[in-house]
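As structure tokens, the structure follows; a few thoughts come after it.
FYI, it's all coordinate maths here, none of it is from the lab. Please read all numbers here as calculations on a predicted model, not as lab measurements. Counting neighbours? That spans all protein chains shown, and the Cβs are built from the backbone with ideal geometry, glycine included.
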Amino acid sequence: MDSLDQIFVLAKQALLGLLPVAWQPWASAVISVGAILAVFPLLFALTTVVERKALGRMQNRPGPNRVGPWGFLQFAADGIKSLTKEDIVPRAADPVVHFLAPLVVVLPPILAFAVLPVGRNMVALELPETGLLFFLMVGTAVELGVFMAGWSSHNKYSLLGAMRALAQLLSYELPLILSALAVVMLSGSLSLTALVERQSAVHGGFLVGWNVFTPWGAAGALLFFTAALAEANRSPFDLPEAESEIVAGYFTEYSGFKFALFFLGEYLGLFAISGLGITLFLGGWLPPFSFLGWVPSWLWFFGKLGALMMIFIWLRGTLPRLRMDQLMQFAWQFLLPMSLVNLLVAGLWHFTAAWPLALRWLLGAALLAGPWTLYARQFAARHPRRIYRYVT
Amino acid sequence: MTLPFALLAGLILGGAIAAVSARNRVHSGLFLAASLVGLALVFLRLGAEFLGFIQILVYVGAVAVLIVFAILLTRDADSPRERIANAPVSGILIALALFALLAWGVLLWNPGPPPAAIPALPVKALGDRLLRDYVLPLQAVGLLLTAALIGAAVIALPPPRPGAPDAGEPKR
């Protein structure tokens, strides 16, 4: 079963063996980059179809069902359509910035996949000192791209979308990084591969020690994925492109394949940040139970990614969009203080390593549950439930 | 001077010159971001991985974004600037004086012979120094930034309206 686990690594080595030694470092990079460029955009294509079908089911309609078997080739039709559409640039737009913006939005997520371990020994770029930092660094470049798109279009809706996006991305980055920091604190490493390997301890004979199975890990995962949804502009935090309010937000003035590039960049960003969440909290490519170790590691990673995507689609079909002031208050008055409390709990977990497990759990859970209910109550008091009355 | 360094130097200097001479304020901000990316790449070429990534994270991810955000919030962000400099002669003189001062400092500095091997500095050691040996200066900087934040928030609060008994809660 080991060969199935390492099948892609072995295939790459076999390919490299055919080449002269001098070419091998370059060829190795090209193969890794090629694999990333092939897998994740294909995953994007499949996710769009699955999302449209799942949302359709939730809204009592069939979704795409014409192209290919059960409509699963819809993404190809969409791609060809967007490639053949006319590329319209508004006359008032800033041509250079307008052209560069889609690139600045798409490139960072692709770079981020380089440090993401998608399986045992399957990471394109191993940065033992700064892996997580690299990931966060490329993530920040997206903000500039979003701003460039919104500003250069010279359209009020675009500008509004860009302003919303900037405020949202800046605010949700803090809880995102702080909740990731708890994991780094306890693992003592910034390398994403090492972070996964630290979670491989087996507890009680069968349970693998994912970080989510600790009080700080469970709270951290919730905080992380909430902030991740906002960072990826996903519903219910999709205010920067709220269709019902500001057309398509910062990419209103894009057409053809540039529009598709924004779409692609958004989903790649979602994959990347979900992959980071899986690595930090959900054990990366590790199985949940030690007796499931025979399943190939890359299957675990992509299985977890797929499960997360399904949850995100479900959330999109369920939750209404937040209002702008609610969005900002939620970040600053709930997520940020909770992630600070979580850091404290993570520190306590580290220093009470000799205590009985039940006591540690009780202490951590109590320390988290108290502020959690307090902040949630305060937040709810500020936003009383509105009752809408419709004229019938 | 190697070719990659020349390219990076061109990016940094070109970006900086374009940032101060661009007619459009937003373009200035974007050129500044490009220049800062070039600086981070120089750090990476010198093997200072951590410093290079932090440079992009802080300066491009936070400072440049805040600069363009602030430009957008000003009233006529889109209208091009009329004149680049109000007083070109004194500006050039001040720039030359500053350059002379910096050049003097650089020329005075004697780095000594280059080390035989670049000392490896793990990020862990950096963190140890920062949070163990220099924890007091770090806390002082944190306090300063917190004070600045509170000051900014106080300035941004709307002035209390006459007649209102307590203007504690800002009106949204």
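Assorted remarks:
- Globularity index of the range B:1-79, i.e. its alpha-carbon radius of gyration over 2.2 N^0.38 Å: 1.19
- Whether the range A:1-152 is rounded, prolate or oblate, judged on the alpha carbon gyration tensor where a/c under 1.5 counts as rounded: oblate
- Placing a pseudo-label 7 Å from each Cα along the Cα-to-Cβ vector at B:Ala103 and A:Leu344 gives an inter-label distance of 5.6 nm.
- Taking all Cα pairs closer than 8 Å and separated by 6 or more residues, the relative contact order of the range B:1-79 comes to 30 percent.
- Sum of side-chain charges, A:Phe134 neighbourhood, beta-carbon under 15 Å (Lys, Arg +1; Asp, Glu -1): -3
- Between A:Ile80, A:Ala380, B:Gly112, the Cα set farthest toward the positive side of the dipole of the protein assembly as shown (charges on each charged residue's Cβ, about the Cα centre) is that of A:Ala380.
- Per-peptide packing, taken as the mean over residues of other Cβ atoms within 10 Å, places A:123-131, A:163-171 in the sequence A:163-171, A:123-131 from highest down.
- Each peptide among A:26-34, A:132-140 gets the average number of other Cβ atoms lying within 10 Å of its residues, and from highest to lowest they stand as A:132-140, A:26-34.
- Taking A:Met338, A:Met122, A:Met58 as the candidate residues, the one with maximal mean-square fluctuation in a Gaussian network model of chain A, Cα springs under 10 Å, is A:Met58.
- Across peptide A:141-153, the mean count of Cβ atoms from other chains lying within 10 Å of each residue's own Cβ comes to 4.
- Taking A:Gly269, A:Gly217, A:Gly17 as the candidate residues, the one with maximal mean-square fluctuation in a Gaussian network model of chain A, Cα springs under 10 Å, is A:Gly17.
- Pairwise centroid distance, computed over Cα atoms, of the range A:69-99 with the range A:314-381, Å: 41
- Pairs of Lys residues in the protein assembly as shown that lie 8 or more places apart, or on two chains, and have C-alpha atoms under 29 angstrom apart add up to 11.
- Label positions at B:Ile150 and B:Ala6, each projected 7 Å from the Cα along the C-beta direction, are separated by 5.5 nm.
- Note that the range A:59-73 has calculated 3J(HN,Hα) couplings of 9, 6, 9, x, x, x, 8, 9, 8, x, x, 6, x, 7, 9 Hz, one per residue in order, obtained from phi through the Karplus relation 6.51 cos²θ - 1.76 cosθ + 1.60 (θ = phi - 60°); glycine and proline are x.
- Integer Hz, Karplus 6.51/-1.76/1.60 couplings in order for the range A:271-285, x for Gly and Pro: 4, 4, 6, 5, x, 5, x, 4, 5, 6, 10, 9, x, x, 8
- Centroid-to-centroid separation of the range A:1-27 and the range A:130-158 [C-alpha atoms, Å]: 35
- Set of the range A:269-292 residues, backbone N closer than 19 Å to the point 7 Å along the Cα-Cβ line of A:Leu4: A:285-292
- Per residue of peptide B:65-72, the mean number of Cβ atoms on other chains within 10 Å of the residue Cβ is 4.
- The protein assembly as shown shape via C-alpha gyration tensor axes, a/c threshold 1.5: rounded
- Taking Cβ atoms as reference points and 9 Å as the exclusive limit, the residues near A:Glu266 contribute a net charge of 0, counting Lys and Arg as +1 and Asp and Glu as -1.
- Centre-to-centre, using Cα atoms only, the range B:12-62 and the range A:207-245 are separated by 30 Å.
- Between A:Gln13 and A:Ala77, the contour length at 0.36 nm per residue exceeds the Cα-Cα span by 19.5 nm.
- Helical content alone sets the calculated 222 nm signal of the protein assembly as shown at -21500 deg cm²/dmol, taking -39,500 (n - 2.57) per DSSP H segment of four or more residues and averaging over every residue.
- Neighbouring partner chain Cβ atoms per residue of A:180-192, average, 10 Å criterion: 1
- Summing charges over all other residues whose Cβ lies under 15 Å from the Cβ of B:Ala62, with Lys and Arg as +1 and Asp and Glu as -1, gives -3.
- Treating r as the C-beta distance of A:Leu107 and A:Ala358 and R0 as 51 Å, the FRET efficiency rounds to 0.60.
- Potential lengthening between A:Met58 and A:Arg386 on full extension [0.36 nm per residue; Cα-Cα distance subtracted]: 115.6 nm
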